[in-house]
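S.K.: Dropping a structure here in structure tokens format, bear with me for questions.
The values are calculated or read from the model by the stated rules, or taken from the named source; none is laboratory data. Since the structure is predicted, the reported quantities are computational estimates derived from the model, not experimental observations. Methodologically, a virtual Cβ is constructed for each residue, glycine included, from the backbone with ideal geometry; neighbour enumeration extends over all protein chains shown. What goes into the accessible areas is simple: the full protein's heavy atoms, side chains included, and nothing from ligands, DNA or RNA. Shrake-Rupley method; radii C 1.70, N 1.55, O 1.52, S 1.80 Å.
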Amino acid sequence: NTRYRDQVYFADTNGYSFFVRALYNEITGDKMGSAGLQARSPQNLNVTSKVTPEFNVVMIVAESLRKKSMSLYGYNRDTTPNLQAFRENKSKDFFLFEKAYSNATSTLISLPSILTGVLPNESTAKIHKYPIFWEFGKAKGYSTFYITSHDHKWNNLKGYFANAGIDYLWNRDSYPGNLYNDLGIDDRETLKE
């Protein structure tokens, strides 16, 4: 029943990384990727001074979206009109990553890696010890938000984010409307939030 399986994996470097991690999990009992992420200790980043943020940082993670399907990168269908308009109107405030590559073929591995910078083939202990990227902003005085269509029970994100310094957390459990499918909220509703 593939509906309840994590992913279908391909024979590539990242798929190999996942296979090695799954084997390591079985041998050592380290259950990252099967039992999910674990609760983390609050991070002490030893920030010596706060700053008044002069700009916003917005990170949109669409880890299943391919560059070749985005008109922003030259795709012939108009699939990213708002991003293109923002790029044209706010060119000083927009940075387009031309050479960004997937770090894994599994969301279970790629999302924690995106959030912490820990490579997929590194120890899962690092994922639980390294700061999540917004913790740096929080330490410097930024307000932090995490908005997602997903359920925070998935991969135990609720426990993982418990000490992550998020001021505003919005997810499937926060949404009062009907679900798009059994996995989350219609992304159009998430964008409104």
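S.K.: With the requirement that a residue be assigned to a helix (DSSP H, G or I), in contact with a helix residue (DSSP H, G or I) (Cβ under 7 Å, 6 or more places away or on another chain) and open to solvent by 70 Å² or more (accessible area, probe 1.4 Å), what does the range 88-133 give you?
M.R.: Of everything in the range 88-133, just one residue is assigned to a helix (DSSP H, G or I), in contact with a helix residue (DSSP H, G or I) (Cβ under 7 Å, 6 or more places away or on another chain) and open to solvent by 70 Å² or more (accessible area, probe 1.4 Å), namely 133.
S.K.: Go through 80, 124, 105, 144 for me and flag whichever is touching a residue at least 24 places away in the same chain (Cβ under 8 Å) and more than 15 Å from the chain's Cα centre (by Cα).
M.R.: After applying the criteria, what remains is 124.
S.K.: Any idea how many residues of the range 52-77 are over 21 Å from residue 187 (Cα atoms) and either open to solvent by less than 70 Å² (accessible area, probe 1.4 Å) or free of Cβ contacts under 8 Å to residues at least 60 places away in the same chain (or both)?
M.R.: 8
S.K.: Do you know which of the residues in the range 134-173 that are outside any helix (DSSP H, G or I) and under 19 Å from residue 52 (Cβ atoms) is most open to solvent (accessible area, probe 1.4 Å)? Give the derivation first.
M.R.: Of the residues in the range 134-173, the ones outside any helix (DSSP H, G or I) are 140-153, 161-171.
Applying the additional criterion that residues be under 19 Å from residue 52 (Cβ atoms) yields 140-145, 165, 167.
On the way: 140: 71, 141: 38, 142: 48, 143: 82, 144: 8, 145: 126, 165: 31, 167: 83 Å².
Once the filter is applied, the top-ranked residue is 145.
S.K.: Pick from 82, 46: which is at pLDDT 65 or above, part of a helix (DSSP H, G or I) and either out of contact with any helix residue (DSSP H, G or I) (no Cβ under 9 Å at 6 or more places or on another chain) or under 28 Å from residue 130 (Cα atoms) (or both)?
M.R.: When all the criteria are applied, what remains is 82.
S.K.: Scan the range 174-193 residue by residue and report those that are of a type in the set (Val, Ile, Thr) and either modelled with pLDDT under 80 or assigned to a loop (DSSP other than H, G, I, E, B) (or both).
M.R.: Matches in the range 174-193: 185 only.
Results for (1) over 23 Å from residue 82 (Cβ atoms); (2) modelled with pLDDT of 85 or more, shown as yes or no for each residue.
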residue: 115; (1), (2): yes, yes
residue: 129; (1), (2): yes, yes
residue: 136; (1), (2): yes, yes
residue: 149; (1), (2): no, no
residue: 152; (1), (2): yes, no
residue: 172; (1), (2): yes, no
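S.K.: Next question. Which of the numbered conditions does residue 15 fail, given that it passes all the others? Conditions: (1) more than 24 Å from residue 133 (Cβ to Cβ); (2) modelled with pLDDT of 65 or more; (3) not in a loop (DSSP other than H, G, I, E, B).
M.R.: With respect to (1) more than 24 Å from residue 133 (Cβ to Cβ); (2) modelled with pLDDT of 65 or more; (3) not in a loop (DSSP other than H, G, I, E, B), residue 15 is out only on (2).
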